[in-house]
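Student: Here it is, the structure in full.
The values are calculated or read from the model by the stated rules, or taken from the named source; none is laboratory data. As the structure is a computational prediction, the values presented were derived from the model and not from experiment. Virtual Cβ from ideal backbone geometry, glycine too; neighbours counted across all protein chains shown.
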Amino acid sequence: MAALSRASRIAVRAARPGEGEAIATLWRELWDAHEGWGGYPGCRDPLVYERLAVRLDDDARARGGQPILGRHLHVVATVDGILAGQVEGWVERQGVDPQTPYTCEVRSLIVTSWARGAGVGRALLDGVSEAAVALVRDAPFVLGAEVLAPNPAQTFYAKLGYRPVAWAQQVPADPDAAVLASAHPPSGESFIARRAESRDALALCVLDATLATRRRALGDPRFDPPRAVDAATIAAIAAQLGEGGLLDLGAPRTLELVAVDSHARVRGSATFAASSLDPPFRAGQRAVLGRFAIDPALDPAHVVPPLIALGRRLGAEAGARSVELTELSSPETALYAAGLSSGGVPWSQIVTKKIGRHS
């Protein structure tokens, strides 16, 4: 198809029954591009996309011409009546503080190759933003998107006013990873990573405040501000921790990990989670190690490596080929450098844009 002209008409709306096959084709184009950028591979089985098309048509019928279904948003874009792109959104508040804005997580944004450069991507983001405004009843919210490191959309989001607030790396899963720090520990002190236990609740509560402070310093508004360390909060954390650090967070195989010094004091923590990749991704396991919280008196280079080593081992046990290190600080920081020294390579970044009264 020829390049779009200025007179081309872009329309953004909810998907309609009968468009499932065309939207599934867009999804396949997206997953192929992601795989080319180093992302998880998509399925090659046509039957998977046939089933996806049926599900998309069922979804469109359930929506009745509206982009909102529960907390899930879905809009498509047409150019001169031809389907040219789509985007999803998932809206939730990632905290309990009433002042914390809602987050609309932008997912699966794709503009087909012939329609790029004509404003379709911007129109799709405007459309999902308008749907989010309607869902949260004009309350402040944040649009957020994860963008793989090689994805040229990094420039696209920057031009629209999105800014990075968190970074991620990827390390290979390793069943033989050691949990002792290999970096040069201060004064001969070594750090060992293990699963958290209920007795670690106070230390985890204190460390959680350092994580919240780091998020705020990076300009990430999606989470609660630091909370007071009180008996109720400590008890809540202890209650969340089951045997061996297993957390009841609605996701399978979610573990809280801690790094302890030679005096058995907890000096750092991170959360590990593993889950299955669903179609249209190729069948496999995804492993994530995130929410790094480090005692600010210590160099992350000494505390982070054992946490990552244990995460790599847990990832291998879960059947994952790699582990994502998420919610890292910016590339010039010691925390990011600690990931690189543990074998991490740049993976993605989270970009956000504030919408509403706080923007």
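Student: Considering only residues that are farther than 19 Å from residue 79 by Cα and aromatic (Phe, Trp, Tyr), look in segment 101-153 and name the one that is surrounded by the most Cβ atoms within 10 Å (Cβ to Cβ). Don't jump to the end; show me each part of the working.
Tutor: The initial filter retains those residues of segment 101-153 that are farther than 19 Å from residue 79 by Cα, namely 101-107, 129-153.
Now drop any that are not aromatic (Phe, Trp, Tyr), which leaves 102, 141.
Details: 102: 20, 141: 27.
Within segment 101-153, the match that is surrounded by the most Cβ atoms within 10 Å (Cβ to Cβ) is 141.
Student: Identify all residues within segment 262-303 that are touching a strand residue (DSSP E or B) at 6+ places or on another chain (Cβ under 7 Å), of a type in the set (Gly, Ala, Ser) and over 16 Å from residue 339 (Cα atoms); write none if there are none. Give the steps one after another, and end with the answer.
Tutor: Quick first cut of segment 262-303, residues touching a strand residue (DSSP E or B) at 6+ places or on another chain (Cβ under 7 Å) only: 266-277, 280-295, 298, 300, 303.
Add one more test, that the residue is of a type in the set (Gly, Ala, Ser), and what stays is 268-270, 273-276, 283-284, 287, 290, 293.
Listed by number, the residues that qualify are 273, 274, 275, 276, 283, 284.
Student: Only helices (runs of 4 or more DSSP H) wholly contained in segment 119-228 count here; list those with 1 or more residues that are modelled with pLDDT of 95 or more, of a type in the set (Phe, Trp, Tyr) and out of contact with any His (no Cβ under 7 Å at 6 or more places or on another chain).
Tutor: Values: elements: 120-135, 153-159, 201-217.
Ranges flagged: 153-159.
Student: Within segment 299-314, can one find any residue that is outside the structural domain of residue 54 (by TED's automatic domain parsing) and part of a loop (DSSP other than H, G, I, E, B)?
Tutor: Step one: filter segment 299-314 for residues outside the structural domain of residue 54 (by TED's automatic domain parsing), giving 299-314.
Imposing the further condition that a residue be part of a loop (DSSP other than H, G, I, E, B) reduces the set to 299.
Yes, segment 299-314 has at least one match.
Student: Are any residues in segment 245-282 small (Gly, Ala, Ser), at pLDDT below 95 and within 19 Å of residue 302 (Cα to Cα), and if so, which ones?
Tutor: Passing the criteria: 262, 264.
Student: Does residue 126 qualify as being assigned by TED's automatic domain parsing to the domain that holds residue 344 and of a type outside the set (S, T, N, Q)?
Tutor: On the way: assigned by TED's automatic domain parsing to the domain that holds residue 344: no; of a type outside the set (S, T, N, Q): yes.
No.
Student: Name the residues in segment 299-311 that are touching a residue at least 40 places away in the same chain (Cβ under 8 Å) and farther than 13 Å from residue 258 by Cβ, would you? If you could, list the steps in order and put the result at the bottom.
Tutor: To start, the set of residues in segment 299-311 that are touching a residue at least 40 places away in the same chain (Cβ under 8 Å) comprises 299, 301-311.
Once the filter is applied, which keeps residues that are touching a residue at least 40 places away in the same chain (Cβ under 8 Å) and farther than 13 Å from residue 258 by Cβ, segment 299-311 yields 299, 301, 302, 305, 308, 309.
Student: So, one more: Please specify each residue of segment 53-92 satisfying the condition of being among the hydrophobic types (A, V, I, L, M, F, W, C) and more than 30 Å from residue 221 (Cβ to Cβ).
Tutor: 53, 54, 56, 60, 62, 79, 82, 83, 84
Student: Of the residues that sit in segment 258-290 and are exposed (fewer than 15 other Cβ atoms within 10 Å of the Cβ) and either in a loop (DSSP other than H, G, I, E, B) or of a type in the set (Asp, Glu) (or both), which one is nearest to the chain's Cα centre (by Cα)?
Tutor: So, considering only residues that are exposed (fewer than 15 other Cβ atoms within 10 Å of the Cβ) and either in a loop (DSSP other than H, G, I, E, B) or of a type in the set (Asp, Glu) (or both), the one nearest to the chain's Cα centre (by Cα) is 278.
Student: Condition first: of a type in the set (Gly, Ala, Ser) and under 29 Å from residue 117 (Cα atoms). Now tell me which residues in segment 138-179 satisfy that.
Tutor: Of all residues in segment 138-179, those of a type in the set (Gly, Ala, Ser) come to 139, 144-145, 149, 153, 158, 161, 166, 168, 173, 177-178.
If the condition is that a residue be of a type in the set (Gly, Ala, Ser) and under 29 Å from residue 117 (Cα atoms), then 144, 145, 149, 153, 158, 161, 166, 168 are the ones that fit.
Student: Can you tell me which residues in segment 233-244 are at pLDDT below 85 and either crowded, with 19+ Cβ neighbours inside 10 Å or not hydroxyl-bearing (Ser, Thr, Tyr) (or both)?
Tutor: From segment 233-244, those at pLDDT below 85 are 233, 236-237, 239-244; that's our starting set.
Within segment 233-244, 236, 237, 239, 240, 241, 242, 243, 244 qualify.
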